[in-house]
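Worksheet: the structure to be examined is printed underneath.
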Amino acid sequence: MNQSSSPASISSAQPTLEEVRTRFQNDRFATESGAIIDEIRDGYAQCSMPILPCHRNAAGAVMGGAIFTLADFAFAVAANWNKPLHVSLSSQITYLSSAKGTTLIAQAQCIKSGHSTCYYEINVRDDRDRLIAHITTTGFRV
């Protein structure tokens, strides 16, 4: 073991929430849509997004793409903020209700993390605690 990889030289300090936000600021589609990182833990992230006029479809409901964008961003943060890069292989989304509040909140939780793949469950709620969508995502370690 060389000196640079010895246990004494490896920092155990996790990045701060602000450092993680800075790291993901270049995820421009999500961040320019209003997505922000609220909370991080190992294998977990909570992200939120205010519901803006640009998120609504012709019927006035929040567009599915806006909901999925937030869910995908929450997966990306949870799977990558403290681990090697993972990308989505597949996602399955089920829309359960229309959002009635002013904010969407996505919580991504790791269900299984293997050597090259991972599996996450993401729930999107509105700020009235209505379950809006349930998503599962399989990721691949690059």
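The values are calculated or read from the model by the stated rules, or taken from the named source; none is laboratory data. Just so you know, these numbers come straight off a predicted model, no measurement behind them. Neighbour counts run over all protein chains shown; Cβ positions are idealised from the backbone, glycine included.
Descriptive notes on the structure:
Table: residues versus (1) of a type in the set (Asp, Glu); (2) touching a residue at least 40 places away in the same chain (Cβ under 8 Å).
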position	(1), (2)
ILE36	no, no
CYS47	no, yes
PHE68	no, yes
GLN109	no, yes
ASP129	yes, no
ILE132	no, yes
THR138	no, yes
ARG141	no, yes
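- Screening VAL142, VAL124 for residues that are β-branched (Val, Ile, Thr) and exposed (fewer than 14 other Cβ atoms within 10 Å of the Cβ) leaves exactly one candidate, VAL142.
- Condition broken by ALA133, with the remaining ones in (1) more than 28 Å from GLN14 (Cα to Cα); (2) out of contact with any Phe, Trp or Tyr (no Cβ under 7 Å at 6 or more places or on another chain) satisfied: (2)
- Breaking point among (1) part of a helix (DSSP H, G or I); (2) loosely packed, with under 13 Cβ neighbours inside 10 Å, for ALA58: (1)
- Members of the stretch 1-29 that are part of a loop (DSSP other than H, G, I, E, B) and either modelled with pLDDT under 90 or over 22 Å from the mean Cα position of the chain (by Cα) (or both): MET1, ASN2, SER6, ILE10, SER11, SER12, ALA13, GLN14
Residues are listed down the side, and each one gets a yes or a no for (1) touching a His at 6+ places or on another chain (Cβ under 9 Å); (2) at pLDDT 95 or above; (3) outside any loop (DSSP other than H, G, I, E, B):
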| position | (1), (2), (3) |
| --- | --- |
| PHE73 | no, yes, yes |
| LYS83 | no, no, no |
| ILE93 | yes, yes, yes |
| ALA133 | no, yes, yes |
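- Selection status of GLU39, outside any helix (DSSP H, G or I), within 22 Å of PRO15 (Cα to Cα), within 15 Å of the chain's Cα centre (by Cα) and at pLDDT 95 or above: yes
- Residue list for the stretch 104-142, restricted to those being within 15 Å of the chain's Cα centre (by Cα) and among the hydroxyl-bearing types (Ser, Thr, Tyr): TYR119, TYR120, THR136, THR137, THR138
- Taken as a whole, the structure places SER90 among residues that are loosely packed, with under 15 Cβ neighbours inside 10 Å, touching a strand residue (DSSP E or B) at 6+ places or on another chain (Cβ under 6 Å) and more than 20 Å from GLU18 (Cβ to Cβ).
- Residues that are crowded, with 20+ Cβ neighbours inside 10 Å and under 13 Å from THR69 (Cβ atoms), drawn from the stretch 25-50: ALA30, ALA35, CYS47, SER48, MET49
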